[in-house]
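J.: Before I ask anything, here is the structure I am working with.
The values are calculated or read from the model by the stated rules, or taken from the named source; none is laboratory data. From a predicted model like this one, the values you see are computed outputs, not experimental measurements. Every residue, glycine among them, receives a Cβ derived from its backbone with ideal geometry; neighbour counts consider all protein chains shown.
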Amino acid sequence: MKTSKQWFDYFQANLQAKRIDWNQPAQLNNSELAAVLKSLQAWQLGETSDGSNLLRAGAKYAHKIDDVFYVQALQLFIKEEQKHGNNLGVFLDMIGQPRIRKNWGDSLFRRIRHLNTSMEWWTLTVITVESAAQIFYQSLKDATKNRLLKEICTDILIDEAPHIQFQLERFRTIFQHKAIVVRMASYQFYKVFYLATAMVVWMAHKKLFKAGGNDFGRYWKKMRLKFEKTIGRLRHEIKEPVIPYHSIWGH
């Protein structure tokens, strides 16, 4: 587990990485455009959040645990997310497509974020959305032949795994400070929230997922495995018996 200072140093160095050759042509054929454009626009909008609500929750939490570097690491995490949004926006500009200002899925998550003042629920939300984002960007990468868009997706995918680990380490720390009875109730909520969010993401972007080779079954299996590798690990800290998959996820 990294310290907040180590995460700050990581993000600071990673923000300097240049993995995209912007001299390549940006173009999508008609079938690619039909399959990915709406989701590309919606996800670009979602990546452009200023992170103010997250920072407020982070500052409150950091003050409580006396960890000034946590806020600084969180600021760089948000900056990296904004970089993703900017890169997607530049690609949209290059292919002559607009950056949208409103989308129902983004509006829904923004409302949830405005109501959210707890670092626990923030990290849960980010872990869940970032897990779906990994499938989203791999699907987007596989749905196009354009090398520039593929490089943009690869750059984002490289960033996403550490993003999840950054949030998961904090999430686990928060979870460990709960009483055992509270842990059990919280864990059940985490599963329900993750499941519901995964379904919303599928409904919003199923056309793109399918274009990238992920039907619902494959998408659901991947989200299930990502749950087990992240939030699902907390099960061992409440001595909860292993629940069969079919009782949580369906057959």
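J.: Name the one entry in Glu120, Glu160, Glu169 that is within 18 Å of Leu74 (Cβ to Cβ), touching a residue at least 12 places away in the same chain (Cβ under 8 Å), surrounded by fewer than 17 Cβ atoms within 10 Å (Cβ to Cβ) and out of contact with any strand residue (DSSP E or B) (no Cβ under 8 Å at 6 or more places or on another chain). Steps first, please.
T.: Details: Glu120 fails: surrounded by fewer than 17 Cβ atoms within 10 Å (Cβ to Cβ); Glu160 fails: surrounded by fewer than 17 Cβ atoms within 10 Å (Cβ to Cβ).
Being within 18 Å of Leu74 (Cβ to Cβ), touching a residue at least 12 places away in the same chain (Cβ under 8 Å), surrounded by fewer than 17 Cβ atoms within 10 Å (Cβ to Cβ) and out of contact with any strand residue (DSSP E or B) (no Cβ under 8 Å at 6 or more places or on another chain) holds for just one of Glu120, Glu160, Glu169, which is Glu169.
J.: Kindly provide the set of residues from the stretch 181-197 that are touching an Asp or Glu at 6+ places or on another chain (Cβ under 9 Å) and among the aliphatic types (A, V, I, L, M), ordered by number.
T.: Residue satisfying the conditions is Met184 alone.
J.: Tell me, which residue of the stretch 34-55 that is surrounded by 13 or more Cβ atoms within 10 Å (Cβ to Cβ) and without any contact (Cβ under 8 Å) to a residue 60 or more places away in the chain is nearest to the chain's Cα centre (by Cα)?
T.: Here is the first cut: in the stretch 34-55, the residues surrounded by 13 or more Cβ atoms within 10 Å (Cβ to Cβ) are 35-49, 51, 53-55.
Going one step further and asking which of them are without any contact (Cβ under 8 Å) to a residue 60 or more places away in the chain, we end up with 44, 47-48, 51, 55.
On the way: Gln44: 12, Glu47: 9, Thr48: 13, Gly51: 13, Leu55: 16 Å.
Going through the qualifying residues, I end up with Glu47.
J.: A further question on this structure: Consider only pairs whose beta carbons are under 6 Å apart and that are at least six residues apart or on different chains; among these, list those whose first residue lies in the stretch 83-94 and is modelled with pLDDT of 95 or more and whose second residue is of a type in the set (Lys, Arg).
T.: Note: pairs meeting the criteria are Gly89/Arg99; Leu92/Arg99.
J.: Step by step: first the residues of the stretch 36-69, then only those that are of a type in the set (D, E, K, R) and out of contact with any Ser or Thr (no Cβ under 9 Å at 6 or more places or on another chain), then the one that is modelled with the lowest pLDDT. Which residue is that?
T.: Taking the stretch 36-69 as the starting set, the residues that turn out to be of a type in the set (D, E, K, R) are 38, 47, 50, 56, 60, 64, 66-67.
Subsequent filtering for residues that are out of contact with any Ser or Thr (no Cβ under 9 Å at 6 or more places or on another chain) retains 38, 47, 50, 64, 66.
Details: Lys38: 95, Glu47: 90, Asp50: 81, Lys64: 91, Asp66: 93.
Checking each candidate, the answer is Asp50.
J.: Hey, Ala73 hits all of (1) under 30 Å from Lys210 (Cβ atoms); (2) surrounded by 14 or more Cβ atoms within 10 Å (Cβ to Cβ); (3) small (Gly, Ala, Ser); (4) modelled with pLDDT of 95 or more but one; which does it fall short on?
T.: With (1) under 30 Å from Lys210 (Cβ atoms); (2) surrounded by 14 or more Cβ atoms within 10 Å (Cβ to Cβ); (3) small (Gly, Ala, Ser); (4) modelled with pLDDT of 95 or more applied to Ala73, the lone miss is (1).
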